[in-house]
Amino acid sequence: MKKLIVFIFVGVIAFISACSSCNNEKEKTKPVEIDNIKESYKMLPSEQQSVIDVVYRWNAAHDSTQIDSLEQFYNDPVFFFKKRIARASVLASKKYKISHADTYRERIIGRIGIYASDTGDYKCEFLKLVTINSKPNVYHSYLIFKKQADSTWRIIVESDKEADLRPELVSLFEKFEESESTSSGDFNGDGEVEDLIVLKPAQDSSGNYTSNQTKISFTNLDLPEITIQNCVGVNVLNENDVDGDGADDFSVVIKKEDGDVGDVILYSFKRGSWQELAKFKAPQEEVFSSRQQLIEFAGNGNIKIRSAEKTIDNRDTLVLKTISTW
């Protein structure tokens with residue numbers, strides 16, 4: 001019996017020792033694997049090594065404490081998830097995602113593949129593990145870099161293969177704040193606040209707009225998107241519950257492709273769809289830097305507006321109107 005106990009004791013010691021040795025070997029292999037990856041990069045031309053280094057620094061900047069440093073990595077504009085938008089809009093969308101998550105982390109898995117184009121640009125492909133609020137997802141991501149006049153490398157394209165194949169899966173927040181104007185409010189009267197997101201058309205290198213439509217989206221996907229024709233940007237304002245139906249309403253001042261600014265539309269969500277409660281021309285002095293309250297509640301479902309109109313002899317005049325929203 002004693003021999004059996006001794007035998008078991010020796011076996012347990014040997015097993016623990018073996019496991020410990022095995023773990024030590026695993027720990028030893030981890031830095032070896034990393035070193036091997038680094039060594040493989042050292043086999044590349046120095047220019048490609050520089051681009052890969054930028055990818056790692058770009059990835060590390062996806063952190064609330066470093067997010068502002070992302071600006072240095074992007075060209076302006078950027079072809080961002082199949083949309084050409086301003087660099088400021090890319091940064092705003094990333095800041096929005098990170099700031100609205102309890103926890104957020106991006107990590108590159110494995111090696112980065114790098115491919116040169118005939119134009120001198122580089123495409124970098126890699127697996128990216130994105131963990132938001134403890135929920136992980138892996139994406140086949142890629143970045144395309146272009147060398148700048150100051151010899152730095154900047155991102156001209158960012159996307160992933162999943163988004164390219166199924167663009168409807170791209171998060172609404174990837175398109176966040178493609179203009180200077182956003183707003184928030186309880187637009188459907190359910191007691192929850194949603195964000196209003198302005199999606200204006202981008203401009204090409206010559207300053208021409210790629211379309212003449214501006215869209216209004218909402219973080220509450222039950223609220224349908226609004227498309228405004230002959231509009232390349234808006235100034236949006238939450239008008240509160242201007243018609244007294246229990247939900248916030250909002251107005252937009254439209255900028256047209258020819259530069260004209262001043263047309264106003266008041267939107268209200270009623271019976272499952274958006275309605276234009278009022279549409280008028282605002283006085284120019286009230287729609288620029290000092291955006292004034294152009295619409296006021298007048299009681300019993302009525303509103304007051306200040307409209308710019310022409311007199312019979314073609315002079316500009318300010319007209320105060322009361323409009324029923326029923």
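A few comments on the model shown:
- A simple rule links phi to the HN-Hα coupling: the Karplus curve 6.51 cos²θ - 1.76 cosθ + 1.60 with θ = phi - 60°, which for the stretch 40-51 gives 5, 5, 5, 6, 7, x, 4, 5, 5, 4, 5, 5 Hz, with x for Gly and Pro.
- Positive minus negative residues near TYR115 (Lys, Arg vs Asp, Glu; Cβ under 10 Å): -1
- The stretch 207-270 - Debye-derived log10 I(q)/I(0), Cα point model, q = 0.13 Å⁻¹: -0.39
- Karplus 3J(HN,Hα) series, Hz, for the stretch 264-271 with 6.51 cos²θ - 1.76 cosθ + 1.60 (x for Gly, Pro): 10, 10, 9, 9, 9, 8, 9, 6
- Sorted on the mean count of surrounding Cβ atoms within 10 Å across their residues, most packed first, peptides 245-251, 224-230 read 245-251, 224-230.
- Based on every Cα atom in the stretch 179-324, Rg and the maximum pairwise Cα distance Dmax equal 15.7, 50 Å.
- Using θ = phi - 60° and Karplus 6.51 cos²θ - 1.76 cosθ + 1.60, couplings along the stretch 98-112 (whole Hz; Gly, Pro as x): 5, 6, 9, 9, 5, 9, 8, 8, 10, 9, 7, 9, x, 7, 9
- Furthest towards positive pole of dipole, ALA149, SER117, TYR104, structure part the stretch 102-166, Cβ charges: TYR104
- Remark: for residue pairs LYS97/LYS161; LYS270/LYS321; LYS146/LYS255; LYS255/LYS321; LYS94/LYS215; LYS161/LYS256, the C-alpha separation exceeds 26 Å in LYS146/LYS255; LYS161/LYS256.
- Going from the fewest other Cβ atoms within 10 Å to the most, the residues ASP53, ASP313 appear in the order ASP313, ASP53.
Each value in this text was obtained by applying a stated rule to the coordinates, not by laboratory testing. What you are looking at is a predicted structure, and each value in this text was computed from that prediction instead of being measured. Positions of Cβ are backbone-derived with ideal geometry, glycine not excepted, and every protein chain shown enters the neighbour counts.
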